[in-house]
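Step one of this worksheet: look at the structure below.
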Amino acid sequence: MDNNELSNELKRQNYYIELCSKWVKSKQERLGRPLTCTAKTFGCQMNSRDSEKLLGILLDIGYVETDSEEADFVLYNTCTVRENANLKVYGHLGYMQNLKKKNPDMMIALCGCMMQEADVVEKIKKSYKFVDIVFGTHNIFKLAELIYNRIESEKMVIDVWKDTDMIVEDLPVERKYSFKSGVNITFGCDNFCSYCIVPYVRGRERSRRPEDIIKEIENLVADGVVEVMLLGQNVNSYGKGLDEEITFAELLKRVEEVEGLKRIRFMTSHPKDLSDELIEVMKNSKKICRQLHLPVQSGSSRILKIMNRKYTKESYLELVDKIKKAIPDIAITTDIIVGFPGETEEDFLETMDVVKKVRYDSAFTFKYSKRTGTPASKMENQVPEDVVKDRFDRLLETVQKISSEETEKRVGMIMPVLAEEINSHDSTLITGRLSHNTIVHFKGTPDMIGKIVNVKLEEANGFYYFGKLWVTERA
Ligand code: SAH
Ligand code: SF4
Ligand code: F3S
């Protein structure tokens, strides 16, 4: 699709936003109260960012945001990466059925990765007839049009696209945090790791144009943002398919130049594509955070091959060594799957060995979950549940022990912390993050939120710190 068509699409959607907002206004007058909306996100940062865009459209239409699921418009942005994520959504829908009986005017919309699966949509059509709108990951920019269709047709509206080459820019966004924001740099995934459903539900990999990314970041900074998280399933392959030749490392250099921006994060880095150029750029950067999320998935080269990860235990460890040599104070974090089909005790011990060698600052551990349609789901030697549980527990214990030892190492240091929010348990405390992404609680005041302050790390508590604000006296 060319630029002309894209700008027409934007105009079209703005037209639907206007039509819907007239409808909301007249309904509000009839009811004598504002219409409320809520967006619940399941899943990863990509989904959270999508929800901010969807919420942006809903607020433009005239809905008022609320936390409660008793809203007039309830949107569930779903995830399907593991079975658990799906079960949660069905749980919420069961509860919504009763709410909708009480408030028949309520609208329920389902979107996100789960909706890209045909059998899920069939199930919604058959067993959850009270749902109003179903759409997928490729057409979130159409929300206003879908709402308008629902109002006109008075039937369930379903619009799920198989894939797209479209990237619609400049739609409204409602950010969750005023001072930090996710920024998409790529959409989709072409890696097809054999256990993973993401390539099937997010489509082929597409990169946004660097000038669009920089423009968005400049606008965010002008609006008070100090930290951005560049988002993609594999940020290291950024640039594929663009007219301009550009690597992820080059993009980072351009982002670094945005004046007023203080911190840059990114995820996820696939180990197979992490370049020396990227390590060099990170090393020389003043803004890129001292943290790298580098999912290993398994420590067994045999399993990694069947997972289609395209690296070995040895090459992964070499890469980590190279990164640590270049940037000694870097925090490395990871994702690990236990119980992939055919995983033996020996394979699992290889994973434990990697954990002990790398000494991750933190690690997300997952039990393998069978996803229909992926190559791994057809593998015969699925690992029994009790074996998976046993390995999972052993892994978690090791991961937590190492992570708390690594956290302990920084006690006594004075470090810059981005103050993020008032602590939910104690309102005299502010919760913030180190460049390393570790959480720090310290006595502070709400006016600090969004600012970077120096904090002395006084006590480590597993995976977070208690600290004291450190104000240097000026002569
Ligand atoms: N693109 C990222 C991962 C996105 S999904 C990457 O390549 O690292 C986030 C994490 O979910 C993955 O890293 C993996 O550890 C986990 N995951 C994905 N599919 C899974 C499955 N079928 N079962 C269990 N965990 C899974
Ligand atoms: Fe899934 Fe692999 Fe793509 Fe990550 S890189 S989203 S794990 S297929
Ligand atoms: Fe889940 Fe989709 Fe993200 S499946 S992990 S929300 S890309």
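The values are calculated or read from the model by the stated rules, or taken from the named source; none is laboratory data. Everything numeric here is computed off the predicted structure, so don't read it as measured data. Methodologically, a virtual Cβ is constructed for each residue, glycine included, from the backbone with ideal geometry; neighbour enumeration extends over all protein chains shown. With ligands, DNA and RNA removed, areas are computed over all heavy atoms of the protein, side chains included. Shrake-Rupley method; radii C 1.70, N 1.55, O 1.52, S 1.80 Å.
Of note:
- With R₀ set to 22 Å, the beta-carbon distance separating Asn284 from Glu244 gives a calculated FRET efficiency near 0.45.
- Largest-first ordering by accessible area, 1.4 Å probe, given options Lys325, Lys468, Lys22: Lys325, Lys22, Lys468
- Unmatched cysteines, the chain - criterion: no other Cβ of a Cys under 4.7 angstrom: Cys20, Cys37, Cys44, Cys79, Cys111, Cys113, Cys189, Cys289
- Probe 1.4 Å, all protein chains present, accessible-area order of Tyr15, Tyr311, largest first: Tyr15, Tyr311
- Solvent accessible area, Å² - Cys79, 1.4 Å probe, full protein context: 20 Å²
- Cα-only radius of gyration and Dmax that characterise segment 377-438, units Å: 18.9, 55
- Charging the Cβ of each Asp and Glu at -1 and of each Lys and Arg at +1, and nothing else, the dipole of the chain about its Cα centre rounds to 640 debye.
- The largest-to-smallest principal axis extents of the Cα set in segment 131-261 are 50, 38, 27 Å.
- Applying the criteria of a DSSP loop state and at most 16 other Cβ atoms within 10 Å to the trypsin sites (Lys or Arg not before Pro) of segment 70-149 yields Lys129.
- Global form of segment 320-368, assessed from the alpha-carbon gyration tensor, a/c cut-off 1.5: prolate
- Taking Asp163, Asp386 and ordering them by how much accessible surface each has at a 1.4 Å probe, largest first, produces Asp386, Asp163.
- The C-alpha radius of gyration of segment 238-283, expressed as a fraction of 2.2 N^0.38 Å, stands at 1.20.
- Antiparallel %, DSSP beta bridges [both residues in the chain], to 5: 35 percent
- For Glu174, the accessible area of its heavy atoms, probed at 1.4 Å with every protein chain present, is near 70 square angstrom.
- In segment 349-425, GluC sites (Glu not before Pro) in a DSSP loop with at most 10 other beta-carbon atoms within 10 Å: Glu380
- Length gained on full extension, Asn14 to Arg33: 4.4 nm, using 0.36 nm per residue less the C-alpha separation.
- Pairs of Cα atoms farther than 27 Å apart, segment 1-131, %: 26 percent
- Tilt relative to the chain, helix 143-153 - C-alpha long axis, 0 to 90 degrees, to 10: 30 degrees
- Accessible carbon and sulfur surface of segment 34-127 relative to its total accessible area, %, 1.4 Å: 50 percent
- For the peptides 23-31, 361-369, residues were scored by their other Cβ atoms within 10 Å and the scores averaged per peptide; the highest-first order is 361-369, 23-31.
- DSSP beta bridges confined to segment 332-472 are antiparallel in about 70 percent of cases.
- Area of Arg12 that stays accessible when all protein chains are in place (1.4 Å probe, Å², to 10): 100 Å²
- Converting phi to 3J(HN,Hα) with the Karplus coefficients 6.51, -1.76 and 1.60 and the offset θ = phi - 60°, segment 268-285 yields 10, 9, 7, x, 5, 10, 7, 8, 4, 4, 5, 4, 4, 5, 5, 4, 8, 7 Hz in sequence order, with x at every glycine or proline.
- Cβ-Cβ distance of Ala326 and Lys443, R₀ of 30 Å, FRET efficiency by 1/(1 + (r/R0)^6): the value works out to about 0.25.
- Sparsely packed trypsin sites (Lys or Arg not before Pro) within segment 181-230, loop by DSSP, other Cβ within 10 Å at most 16: Arg204
- Degrees between helix 385-408 axis and first principal axis of the chain (Cα, 0 to 90, nearest 10): 70 degrees
- Using the 1.4 Å probe convention, the accessible area of the chain works out to 47 Å² per residue with neighbouring protein chains retained.
- The angle separating the long axis of helix 83-102 from the principal Cα axis of greatest extent in the chain is about 30 degrees.
- Taking every Cα-Cα distance in the chain and sorting them into 20 Å bins from zero, the calculated P(r) comes out as 22, 55, 23, 1 percent.
- Separation between Cα centres of segment 381-395 and segment 158-205, rounded to whole Å: 32 Å
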